[in-house]
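Visitor: The structure that follows is given in the form of structure tokens.
None of the figures in this text is laboratory data; all of them are computed from the coordinates on show. Since this is a predicted model, take the numbers as computed values, not measurements. A quick note on method: Cβ atoms are made from the backbone with ideal geometry, for glycine too, and the neighbour counts reach across all protein chains shown.
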Amino acid sequence: MSDRPASPTGQPPAGAPVPELAIVAAVASNGVIGVAGGLPWRLPDDLRRFRALTRGHAVIMGRRTWESLRGPLPDRQNIVVTSRADRASAGAEVVATLAEALARVAMPPPAFCIGGAELYREALPRARALHLTEIGRPFDGDVSFPAFARDEWREVARESHVASDGLRYAFVDYVRVRGA
Ligand SMILES: NC(=O)c1ccc[n+]([C@@H]2O[C@H](COP(=O)([O-])OP(=O)(O)OC[C@H]3O[C@@H](n4cnc5c(N)ncnc54)[C@H](OP(=O)(O)O)[C@@H]3O)[C@@H](O)[C@H]2O)c1
């Protein structure tokens, strides 16, 4: 954990290197990522991939995503963004802005934005990599992954799978080729 102070504005100190940021998300074919504060599907393989990608790194999340977890994600630096950053949360560092979260990163790059929709929207313009689980059918839900400019990204890896219940999904990696 870092005790490196952010500036009083919550921005990284001037001249501080901005840590590399990646996004990891599972997205239905209609863009849905969540329902009623949780995930709309049960996909253990996706959780395994999420764990493998993020272990040993910082994970930055919005307050609602933090509340959807059973506690801090082990072996990761848990950073929660909320407008009520005065509230302590056991096992997580609580900050007021994404910039402040990035300034706190103390584990090796990349840092991962792990959602939800609100934080993805802010993280997308500064992310260098996208690790999506693209789920092959629509789901009902109340939060969606933000629209993003596909021409700013190049697909570099795709692994297609079918779950035991027939649900098709693919692990797809994109790297930024334009913007940010
Ligand atoms: N499929 C996936 O990969 C995936 C991943 C993650 C989450 N999810 C799902 O997404 C849903 C949660 O997403 P969500 O969009 O509702 O919430 P969220 O982004 O997790 O959290 C939103 C909250 O985070 C804080 N926040 C976000 N951006 C902020 C900023 N720039 N500055 C200050 N505070 C900020 C605010 O907290 P305060 O209100 O405390 O100020 C805001 O209300 C759940 O259903 C979850 O299961 C899905």
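Visitor: Taking amide H positions as placed in the peptide plane 1.01 Å from N, state which residues far from A58 in sequence (5 or more) or on other chains have amide H under 5 Å from it.
Guide: Distant-sequence amide H within range of A58: Q77, M107, F112.
Visitor: Okay, moving on. Give, as a single signed number, the net charge of other residues whose beta carbon lies under 12 Å from the beta carbon of A96, with Lys and Arg counted +1 and Asp and Glu -1.
Guide: +1
Visitor: If each residue's Cβ is checked for other Cβ atoms within 10 Å, how do R168, R150 rank with the fewest at the top?
Guide: Ordered from fewest to most neighbouring Cβ atoms within 10 Å, R168, R150 come out as R150, R168.
Visitor: Can you figure out the FRET efficiency of R128 with S160, using R₀ = 25 Å and their beta-carbon distance, to the nearest 0.05?
Guide: 0.55
Visitor: With unit charges on the beta carbons (Lys and Arg positive, Asp and Glu negative) and the dipole taken about the Cα centre of the chain, which residue among Y169, V35, F50 sits farthest to the positive side?
Guide: The residue sitting farthest along the positive end of the dipole is F50.
Visitor: Testing the spin-label approximation: label points 7 Å from Cα along Cα→Cβ at E20 and R70. State their distance in nm.
Guide: It is 3.2 nm.
Visitor: Moving to a separate point now. To test your reading of the geometry: what angle, between 0 and 90 degrees and rounded to tens, separates the Cα axis of helix 44-54 from the longest principal axis of the chain?
Guide: Computed tilt is about 30 degrees.
Visitor: Something else: Given R₀ = 22 Å, what would the calculated FRET efficiency be for R51 paired with D142, taking r from the Cβ atoms and rounding to 0.05?
Guide: 0.30
Visitor: What ³J(HN,Hα) values, in whole Hz, does the Karplus curve 6.51 cos²θ - 1.76 cosθ + 1.60 give for segment 77-86 when θ = phi - 60°, with x put for Gly and Pro?
Guide: Result, rounded to whole Hz: 7, 8, 10, 10, 9, 7, 6, 9, 6, 6.
Visitor: Under 10 Å, Cα contacts only: if you run a Gaussian network model on the chain, which one of H161, H57, H131 comes out with the highest mean-square fluctuation?
Guide: Ranking H161, H57, H131 by mean-square fluctuation puts H161 first.
Visitor: Beyond 22 Å, how much of the Cα-Cα pair distribution for segment 39-168 remains, as a whole percent?
Guide: 40
Visitor: Indicate, rounded to the nearest 5 percent, the antiparallel portion of the DSSP beta bridges found entirely in the chain.
Guide: Rounded to the nearest five, the antiparallel share is 50 percent.
Visitor: Toward the positive end of the charge dipole of segment 66-180, about the Cα centre and with charges on Cβ (Lys, Arg +1; Asp, Glu -1), which of A147, I135, G116 goes farthest?
Guide: A147
Visitor: Follow-up question, since we're still on this one. Please list, ordered by chain and number, the residues whose modelled amide H lies under 5 Å from the amide H of S29; skip anything fewer than 5 residues away on the same chain.
Guide: It is I135, R137, F139, by chain and number.
Visitor: If you don't mind, there's one more thing I want to ask. For the chain, what is the mean residue ellipticity at 222 nm derived from helices alone (per DSSP H run of n ≥ 4: -39500 (n - 2.57); sum divided by total residues; nearest 500 deg cm²/dmol)?
Guide: -4500 deg cm²/dmol
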